[in-house]
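The values are calculated or read from the model by the stated rules, or taken from the named source; none is laboratory data. Computed from a predicted structure; not experimentally measured. Here the Cβ positions follow ideal geometry from the backbone for every residue, glycine too, while neighbour counts run over all protein chains shown.
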Amino acid sequence: MNLVFLAAMLTTAAVPAAAQVAATSAAPAPAKTVKPAKKICERVEETGTRLGGRQVCLTAEEWQARRANDRTETERVQQKTGYKPAG
């Protein structure tokens, strides 16, 4: 019984030590300095309030993605409801 207990204690003590060696041996790669994208701030009006809008700051890519998503959602809702523009 003592031999089993001793073997169990030795293996449990060795596992965390082995994990620490593996974790510290991997050196992180040198990080490249990435210039952060310039933020563009716009005032966004909120529907249903008289308190005015709020300021939203996003990068140019984020604004482009947001506008594309808004356009897609508008078209989806118009097609779903059977809306047909005059013309």
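A few comments on the model shown:
- The range 6-51, residues that are modelled with pLDDT of 80 or more, surrounded by fewer than 10 Cβ atoms within 10 Å (Cβ to Cβ) and not in a strand (DSSP E or B): THR33, PRO36, LYS38, GLU45, THR47, GLY48, THR49, ARG50, LEU51
- The range 71-86, subset polar (S, T, N, Q) and surrounded by 10 or more Cβ atoms within 10 Å (Cβ to Cβ), residue modelled with the highest pLDDT: THR72
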